[in-house]
């Protein structure tokens, strides 16, 4: 199916990471005339955010924007308010920036219970306080009953970093080691277990978290540019994130199945529903591409944090089979990890 044919109507899959979302983003952005400022990272790079280098100053701003449409709005381990802050802050962190401020917009359906709104707002504010990020502006809209499913929160995050930091999606180097900071698929499968129509009994919780402790633990390595790229594998999971890196850098990424941590409950739910845990979203994990000469030290520092104590080096960047991700299986074979068509579990962030 051609891009023109697939975009006759918008489907849920177009907003769920993977190939279809790439098509939709290209459709929306292809005719933008000015895509960056001062030669910074812009919409054309499709990174976690954009940069605005400040003239006559050694710093640059990081700008990221997110719309949060999760369902259900209260889920095991978190809620919409916490998710909105974590998603925004983590995008800034993944570019090596320090989060400093954000704006927020609440779009609320008529008839939404004030008690629910109070819980979400309190969670939003408390998570922002933990992240030490200021909420400086915003907007509130109310939509007629039936035109919106409960509530949506949109955010714009602002961060700052030194111009000398070169972390971006297109910065992988041959030989880089790939670090994964924890188990995959927790967030998406925890949501799926609680969705209407699924009677799945599990104690699994979302991995939702601020990634600040991990970034703080390796700040010297980031300043020294031993960390080349970072990405939080949300929509599309690690399959989407790794394929995005491989494609943008015209390199291949080789990973090992036995090194990738997956909780027993996640694997069981995926087996039950026919899902691939590599495609399922995380909300508190990071992938890092780091200089091979410093990878063990970086790994140990990450493992010293509570949030990163399960971190593993899961693979390496190579030049052969460019634009592909290859998995060495436990039984010794090798298979391709494809870019997902779309997130198999919609409305997970």
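The values are calculated or read from the model by the stated rules, or taken from the named source; none is laboratory data. Remember, it's a predicted structure, so these values are computed and weren't measured experimentally. Note that each Cβ is placed from the backbone with ideal geometry, even for glycine, and that neighbours are counted across all protein chains shown.
Quick look at the values:
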{"item": "In region 240-253, the residues that are in a helix (DSSP H, G or I) and touching a strand residue (DSSP E or B) at 6+ places or on another chain (Cβ under 7 Å)", "result": "241, 242, 243, 245, 246"}
{"item": "Evaluation of residue 123 against (1) surrounded by fewer than 20 Cβ atoms within 10 Å (Cβ to Cβ); (2) in contact with a strand residue (DSSP E or B) (Cβ under 8 Å, 6 or more places away or on another chain); (3) assigned to a loop (DSSP other than H, G, I, E, B) (one fails), failing number", "result": "(3)"}
{"item": "Of the criteria (1) assigned by TED's automatic domain parsing to the domain that holds residue 127; (2) at negative phi; (3) out of contact with any strand residue (DSSP E or B) (no Cβ under 6 Å at 6 or more places or on another chain), which one residue 152 fails", "result": "(3)"}
{"item": "Evaluation of residue 41 against (1) assigned by TED's automatic domain parsing to the domain that holds residue 144; (2) crowded, with 23+ Cβ neighbours inside 10 Å; (3) touching a residue at least 60 places away in the same chain (Cβ under 8 Å) (one fails), failing number", "result": "(1)"}
{"item": "Given (1) at pLDDT 95 or above; (2) closer than 21 Å to residue 203 by Cα, index of the condition residue 273 fails", "result": "(1)"}
{"item": "Region 64-119, residues that are assigned to a strand (DSSP E or B), farther than 22 Å from residue 53 by Cβ and without any contact (Cβ under 8 Å) to a residue 60 or more places away in the chain", "result": "74, 79, 104, 105, 106, 107, 108, 109"}
{"item": "Qualifying residue in region 339-348 (condition: in contact (Cβ under 8 Å) with a residue 24 or more places away in the chain and touching a strand residue (DSSP E or B) at 6+ places or on another chain (Cβ under 7 Å))", "result": "no"}
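This table checks each residue for (1) out of contact with any helix residue (DSSP H, G or I) (no Cβ under 8 Å at 6 or more places or on another chain); (2) surrounded by fewer than 22 Cβ atoms within 10 Å (Cβ to Cβ); (3) at pLDDT 95 or above.
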site: 179; (1), (2), (3): no, no, yes
site: 189; (1), (2), (3): no, no, no
site: 197; (1), (2), (3): yes, yes, no
site: 205; (1), (2), (3): no, yes, no
